[in-house]
1. If you take the beta carbon distance between SER92 and SER213 as r and set R0 to 51 Å, what does 1/(1 + (r/R0)^6) give as a FRET efficiency, to the nearest 0.05?
2. What's the magnitude of the charge dipole for region 111-218 around its Cα centre, counting Lys and Arg as +1 and Asp and Glu as -1 at the beta-carbon? Answer in Debye, nearest 20.
3. Taking the simple approach of a point 7 Å from Cα along Cα-to-Cβ for both ASP172 and GLU205, what is their distance in nm?
4. Mind ordering 130-138, 302-310, 179-187 by average Cβ neighbours within 10 Å, highest first?
5. Evaluate E = 1/(1 + (r/R0)^6) for SER300 and LEU44, where r is the Cβ-Cβ distance and R0 equals 25 Å; express this FRET efficiency to the nearest 0.05.
6. Using a 1.4 angstrom probe on heavy atoms only, work out the carbon and sulfur share of the accessible area of region 192-265 in %.
7. Between ASP251 and ARG85, what length comes free when the chain is fully extended (0.36 nm per residue of separation minus the Cα-Cα distance, one decimal in nm)?
8. Ranked from highest to lowest mean number of other Cβ atoms within 10 Å per residue, what is the order of the peptides 142-151, 291-300?
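The values are calculated or read from the model by the stated rules, or taken from the named source; none is laboratory data. Treat the numbers as computed from the prediction; the structure is a model and nothing was measured. Reconstructed Cβ throughout: ideal geometry from the backbone, glycine too, with neighbour counts over all protein chains shown. For the accessible areas, the whole protein counts, side chains as well, though only heavy atoms, and no ligand, DNA or RNA atoms are used. Shrake-Rupley method; radii C 1.70, N 1.55, O 1.52, S 1.80 Å.
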Amino acid sequence: MIEVPPLPSLPAVSTLGGGSRRPLKGIILAGGSGTRLRPLTGTLSKQLLPVYDKPMIYYPLSVLMLAGIRDIQIISAKNHLEMFRALLGDGSQLGLDLNYAEQDEPRGIAEAFLIGEEHIGDSPVALILGDNVFHGPGFSSLISQAARRLDGCELFGYPVQDPQRYGVGEVDSEGRLLSLVEKPVKPRSNLAVTGLYLYDNDVVEIARGLTPSARGELEITDVNRVYLAQGRARLNELGRGFAWLDMGTHDSLLQAGQYVQLLEQRQGERIACVEEIALRMGFISHEQCFALGRELGDSSYGNYVRQLAGRAGAGKGADSPAA
């Protein structure tokens, strides 16, 4: 039986932005055809593929949950939406409010704001790509701080060895974005812009005013450049100790799974365990968490969830790991 570490609580964040500002809404963009992962994605959404011990979608979902975001829309292709619904339902079991929207064909990341316009309403929004893994110390606090000072857009940069392959941001000493270049020949920094973006409510109108690029897509870089021109763009560096993984190829999918496996087995803690995060964020009770663990059966993941809840005093019956 696995030994689960003590259960410290994470900082609860119910209203990001402070004052009277509305809480952030969340969007997970889980669309695309996943052509680089075929034949794995012949009939299955890329974001439902396993990354070690859990579906890929758990990783971006966990990031939004760690930011205190509970009202979340998942955007995907029509033939994949029912699979996401079967996996996650309406989110109430995790203390979330999930809804789903269709992207009939990929037309760029920025289209998410047009598809999700009704969901966003007059709130700020956090958008995360469905194939990104973020992991590192203090990540919840970092996102929360960025959300509280949100005035325009807050981006997240990760230092890479080959910035020529990415959209690269240059910042001043206070994190304000100075320049943003796609795949620069001579990069002015090594900070790649990752697949996590926070925006104020202006983003919907900005996306509506975009002109499709040469490849026929509404580019997220063009959204960010509007905020840059307005002087309202920041780039938060994910420094030493952080990991950012993009699972777009067979090799990167395998590497992400191996990364998660190594850390989980050495540290005895799960990465992106949404049941654990829901418990620690106060979205669900210990009893509800234990019930979720019971539904997961006798898998190591299910045992972990039950032990978390049992350690805090839930499920003291004969089948509880804490009994």
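1. Here the calculated transfer efficiency is 0.85.
2. Using Cβ point charges on Lys, Arg, Asp and Glu, region 111-218 gives about 500 debye.
3. A separation of 2.6 nm, rounded to one decimal place.
4. The packing order, highest mean first, is 302-310, 130-138, 179-187.
5. In this case the efficiency is close to 0.60.
6. Working: 1690 of 3460 Å².
Accessible surface attributable to carbon and sulfur in region 192-265 totals 49 percent.
7. 57.0 nm is the gain from fully extending ASP251 to ARG85.
8. Values: 142-151: 18.9, 291-300: 14.8.
Averaged packing, sorted descending, gives the order 142-151, 291-300.
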